[in-house]
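Down below is the structure, laid out as structure tokens.
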Amino acid sequence: QVQLVESGGGLVQAGGSLRLSCAASGRIYSINARDWYRQATGEQRDLVAGIGSGGSTNYAASGKGRFTISRGEAKNPVYLQMNSLKPEDTAVYYCKTDVWTSISGRYSREEYWGQGTEVTVSS
């Protein structure tokens, strides 16, 4: 019904930058909040940054001042600009999007996750 596809990950050296993108497609009535999470090997999945339906943003302390979340027209795609990358930023980054769907006049609130994109930062 709804698909999220992340892109932009890769291998970079410490101090480098990456720009992640997440494109949403499918049967979407409207997009609400969009978030970026990350999960390092053997660790829990944690919020990195989020942007609300009205455009307000929030950041985890780990990326604040280095990461910037933004979005395109109609809230799609959503981006995560990551600067001054550190080895501890190494993780799989996931896009989570809250949407309203409409099927035969029935509206539903759903959350979807992308497949993830790997970010590796070498020292």
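The values are calculated or read from the model by the stated rules, or taken from the named source; none is laboratory data. Small disclaimer: the values here were computed from a predicted structure and weren't measured. Glycine also receives a Cβ, built like all others from the backbone with ideal geometry; neighbour counts cover every protein chain displayed. Keep in mind that these areas ignore ligands, DNA and RNA; they rest on the heavy atoms of the full protein, side chains included. Shrake-Rupley method; radii C 1.70, N 1.55, O 1.52, S 1.80 Å.
Some notes on this structure:
- So Ala24, is it hydrophobic (A, V, I, L, M, F, W, C) and closer than 22 Å to Glu88 by Cβ: no
- If you go through region 33-55 and keep only what is open to solvent by 20 Å² or more (accessible area, probe 1.4 Å), part of a strand (DSSP E or B) and either without any contact (Cβ under 8 Å) to a residue 40 or more places away in the chain or over 21 Å from Glu118 (Cα atoms) (or both), you end up with Ala33, Asp46, Leu47.
- Residue satisfying all of: in region 68-109; acidic (Asp, Glu) and modelled with pLDDT of 95 or more; farthest from Ser21 (Cα to Cα) among these: Glu88
- Top-ranked residue in region 56-90 [being closer than 22 Å to Ser25 by Cβ and free of Cβ contacts under 8 Å to residues at least 40 places away in the same chain; ranked as nearest to the chain's Cα centre (by Cα)]: Ile69
- Checking each residue in region 19-32 for being touching a helix residue (DSSP H, G or I) at 6+ places or on another chain (Cβ under 9 Å) and surrounded by fewer than 20 Cβ atoms within 10 Å (Cβ to Cβ) picks out Ser30, Ile31, Asn32.
- Residues that are among the aliphatic types (A, V, I, L, M) and surrounded by 16 or more Cβ atoms within 10 Å (Cβ to Cβ) within region 70-90 comprise Val78, Leu80, Met82, Leu85, listed in sequence order.
- Among (1) at positive phi; (2) modelled with pLDDT under 95, the one test that Tyr29 misses: (1)
- Residue count for region 1-13 satisfying the condition of being surrounded by 14 or more Cβ atoms within 10 Å (Cβ to Cβ) and assigned to a loop (DSSP other than H, G, I, E, B): 2.
- Looking only at region 91-123, and only at residues there that are of a type in the set (Ser, Thr, Tyr) and open to solvent by 50 Å² or more (accessible area, probe 1.4 Å), the one that is farthest from the chain's Cα centre (by Cα): Ser104
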